[in-house]
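Derivation of every value follows stated rules applied to the coordinates shown; laboratory data play no part. Every value quoted in this text rests on a predicted model; they were computed, and no experiment measured them. Because the Cβ atoms are built from the backbone with ideal geometry, glycine has one as well, and the counts that use them run over all protein chains shown.
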Amino acid sequence: MSIPQARPRRPQVMKLTERAAERIKSLMADKGADTVGLRLGIKKGGCAGMEYTMTWATKADPLDEVVEQHGAKVLIDPMAVMYLLGAEMDFHTDKLSAQFVFSNPNQTGACGCGESVNLAPVPVEKLEGLRA
């Protein structure tokens, strides 16, 4: 009888700062028990070509990448992984605004208003490390 081998630990797609996690948890507290996390994705749009999307998830898709950090849960759309690998999500507050901010090594440009970004997909060899 063979002993099942432990699956190698996959690298986490992205990181959450403590401030981002606290804000996500705070917002989730108002959503009710059927919300399982924040779903993060990427869509075409804006003057720079792409935009981050955020919606509340009531269930996890089997293909979602799950990031759990500092007590917060983010579900990453599988089509967004190639644009978010290595990114960090933070939450900034100043006198005029409060918003989630992404530090993304795959970002090649942004529009002047900060609403959209230009992202390059991660090279295939880096994505290979995520395969289980």
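A few points about this structure:
- Matching residues in the range 57-73 - criterion: being touching a residue at least 24 places away in the same chain (Cβ under 8 Å) and not in a loop (DSSP other than H, G, I, E, B): Glu65, Val66, Val67, Gln69, Ala72, Lys73
- Selection of the range 80-119 for residues being among the hydrophobic types (A, V, I, L, M, F, W, C) and over 21 Å from Ile24 (Cβ atoms) yields Met82, Leu96, Ala110, Cys111, Cys113, Leu119.
- Across the range 75-99, the number of residues qualifying as touching a strand residue (DSSP E or B) at 6+ places or on another chain (Cβ under 8 Å) and surrounded by 15 or more Cβ atoms within 10 Å (Cβ to Cβ) comes to 12.
- Count of residues meeting criterion [under 11 Å from the mean Cα position of the chain (by Cα), assigned to a strand (DSSP E or B) and under 16 Å from Thr55 (Cα atoms)] in the range 74-99: 4
- Number of the condition not met by Ile24 [criteria: (1) surrounded by 13 or more Cβ atoms within 10 Å (Cβ to Cβ); (2) part of a loop (DSSP other than H, G, I, E, B); (3) more than 11 Å from the chain's Cα centre (by Cα)]: (2)
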